[in-house]
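Here the structure comes first, spelled out in structure tokens, and everything after it is commentary.
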Amino acid sequence: NLEKDFANGWLLADLLGKIGLPVEGVKDTKDPRVVVKNFSKVATILHRLRIKMTPATAQEIMTETAGAALRVIYQIRMETSRRRTVSDAHQGERLEARKRLAKASVTSNMEKLYGRKEKYEKMQKKF
């Protein structure tokens, strides 16, 4: 049962950890005080992803309301997918910038090298 598995917040924290957003200090227990602390820690990480974890949403997950955990999981998936797409686009731009910089550097080095060669040939002609 998905709702029961996510009810204490530990599995949600584990999921966030697997996508590179570790949540420290979350415990796998049914103690209500610990569960509230778990969701408090998870909520701070979700806030970084621009996902709202309201107290009402947390309570729905804790009380195993059908679909509550699934909605949050879906939002996490959509946000990580969006971030990956944006990251890939920026990575392409960075790669192009590196290529332009490398080409400019090679061109500059070639000009220096050929400039020296021409000076050497001029000196050879004098003798």
Candidates ARG82, ARG50, filtered to the one that is part of a helix (DSSP H, G or I), open to solvent by 60 Å² or more (accessible area, probe 1.4 Å) and among the basic types (Lys, Arg): ARG82
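Is there a residue in segment 105-113 that is modelled with pLDDT of 90 or more and either open to solvent by 60 Å² or more (accessible area, probe 1.4 Å) or closer than 20 Å to GLU3 by Cβ (or both)?
Taking every residue of segment 105-113 in turn, none turns out to be modelled with pLDDT of 90 or more and either open to solvent by 60 Å² or more (accessible area, probe 1.4 Å) or closer than 20 Å to GLU3 by Cβ (or both).
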Any hit, segment 28-46, residues being within 18 Å of the chain's Cα centre (by Cα), open to solvent by less than 70 Å² (accessible area, probe 1.4 Å) and modelled with pLDDT under 90: no
Search result, residues across segment 15-27 that are without any contact (Cβ under 8 Å) to a residue 40 or more places away in the chain and open to solvent by less than 50 Å² (accessible area, probe 1.4 Å): GLY17, LEU21, VAL23, GLY25, VAL26
Any chance MET62 is in contact with a Gly (Cβ under 9 Å, 6 or more places away or on another chain), aliphatic (A, V, I, L, M) and modelled with pLDDT of 70 or more: yes
LEU70, sole failed condition from (1) within 29 Å of the chain's Cα centre (by Cα); (2) modelled with pLDDT of 70 or more; (3) open to solvent by less than 90 Å² (accessible area, probe 1.4 Å): (3)
Count - residues of segment 12-43 that are within 14 Å of ILE61 (Cα to Cα) and among the polar types (S, T, N, Q): 2
Qualifying positions in segment 43-79 - closer than 19 Å to LEU2 by Cβ and hydroxyl-bearing (Ser, Thr, Tyr): THR57, THR63, THR65, TYR74
Residues satisfying the stated conditions in segment 1-14, i.e. within 16 Å of GLY67 (Cα to Cα), open to solvent by 70 Å² or more (accessible area, probe 1.4 Å) and part of a helix (DSSP H, G or I): LYS4, ASP5
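The values are calculated or read from the model by the stated rules, or taken from the named source; none is laboratory data. Every value quoted in this text rests on a predicted model; they were computed, and no experiment measured them. Ideal geometry is used to build each Cβ from the backbone, glycine not excepted, and the neighbour counts take in all protein chains shown. Please note that ligands, DNA and RNA were not included when accessible areas were found on the heavy atoms of the full protein model with its side chains. Shrake-Rupley method; radii C 1.70, N 1.55, O 1.52, S 1.80 Å.
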